[in-house]
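To start, the structure under review is shown below, and the notes come after it.
The values are calculated or read from the model by the stated rules, or taken from the named source; none is laboratory data. Everything numeric here is computed off the predicted structure, so don't read it as measured data. Don't worry about glycine lacking a Cβ; one is built from the backbone with ideal geometry, like all the others, and counts go over all protein chains shown.
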Amino acid sequence: MMHYRLRLPSIFLFLLLHCLQLDAQELYVFSEPASNVPAKSLSFKYAGKWMSESELGHDHTTVRHMAESSIGLGKFLMLRPAVSFGNMYNTYPDQKLRFESASIYAKLRLLSIDDIHRHFRAAAFVKGVFSKNDLQYSEITADGDQTAIQGGLILTQLLHKLAISGTGSLVEVMHPDRWKDFGGQTFYGYQSFNYSLSAGYLLFPRKYTSYEQTNFNIYVELIGSKGLDRDYAFTDLAPAIQLIVNSNAKINAGYRFQISGGAYRMGTSSLSISYERSFLNAIKRKKK
């Protein structure tokens, strides 16, 4: 009996470290994997995005701050409400921060195939965004630039320390100007196909001995968009690094820049830094 009790902590630690090693390298910086946050868990994230613009001959840097929370409603479903503040759509030299957008994201895991040191996930997602920004650019996103809806599919494959993921989605702009009569002339696009191809690799630690070890992950992502009702397309490259501390806190830093195509965009490069803290079993059912 004593021997059985002594083995329980070791078994638990082994299972915990095994799960951490499998999932760490698919926590992408610029895109979302097919895996969900654990059931009954909560996470809170701050993300900052800085972009250099050139307007009327003045070079200046604009910023967007975003706060979001991921909620694990069950094994297959998660929700993520978010709000953003920034000055990206202010007229120079106005640099005051203002409310930009509010959004809600939902992801449903459709398929899971698990094996030793590998797994495959497939998920569908939908996102709705309300934005106070006016239409100014051809680029269509669901990041708060326009009022929009987005829906798509994510496929993620983990192979030991390497995780590869692909995302395809349709984005539809719902700004009121879309339905105004401009004499038959269309100034902006309202539909796009957005995509990403992401790879993450767990560089350190080489071997797990404790859940308190800091993980160091490296990422590279291809992110692009193709207008469906306007003729534009572009592809960006986004390398990034990530630290996971005590298995519950993530620190991300990445740089995204355009490598091909052309579109009327706010900018062709940006710096992103974010911090996320997770809380397992934060949602508890009330006892009857």
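Here are some notes:
- Restricting attention to the range 83-126 and to residues that are farther than 21 Å from Ala39 by Cβ and among the charged types (D, E, K, R), the residue that is modelled with the lowest pLDDT turns out to be Asp94.
- The strands (runs of 3 or more DSSP E) found wholly in the range 191-288 and carrying at least 1 residues that are without any contact (Cβ under 8 Å) to a residue 24 or more places away in the chain and hydrophobic (A, V, I, L, M, F, W, C) occupy 191-204, 215-227, 233-245, 249-262.
- When residues of the range 65-104 are limited to those that are in contact (Cβ under 8 Å) with a residue 60 or more places away in the chain and under 14 Å from Gln146 (Cα atoms), the one surrounded by the fewest Cβ atoms within 10 Å (Cβ to Cβ): Met88
- Answer residue from the range 172-190, given it is part of a loop (DSSP other than H, G, I, E, B) and in contact with an Asp or Glu (Cβ under 9 Å, 6 or more places away or on another chain) and is modelled with the highest pLDDT among those: Tyr190
- Residues that are among the charged types (D, E, K, R) and either at pLDDT 60 or above or in a loop (DSSP other than H, G, I, E, B) (or both) within the range 24-60 comprise Glu26, Glu32, Lys40, Lys45, Lys49, Glu53, Asp59, listed in sequence order.
- Subset of the range 132-161 [surrounded by fewer than 23 Cβ atoms within 10 Å (Cβ to Cβ) and in contact with a Leu (Cβ under 8 Å, 6 or more places away or on another chain)]: Gln150, Gly151, Gly152, Lys161
- Of the residues making up the range 104-115, none is touching a Ser or Thr at 6+ places or on another chain (Cβ under 8 Å), of a type in the set (Ser, Thr, Tyr), closer than 28 Å to Asn248 by Cβ and outside any loop (DSSP other than H, G, I, E, B).
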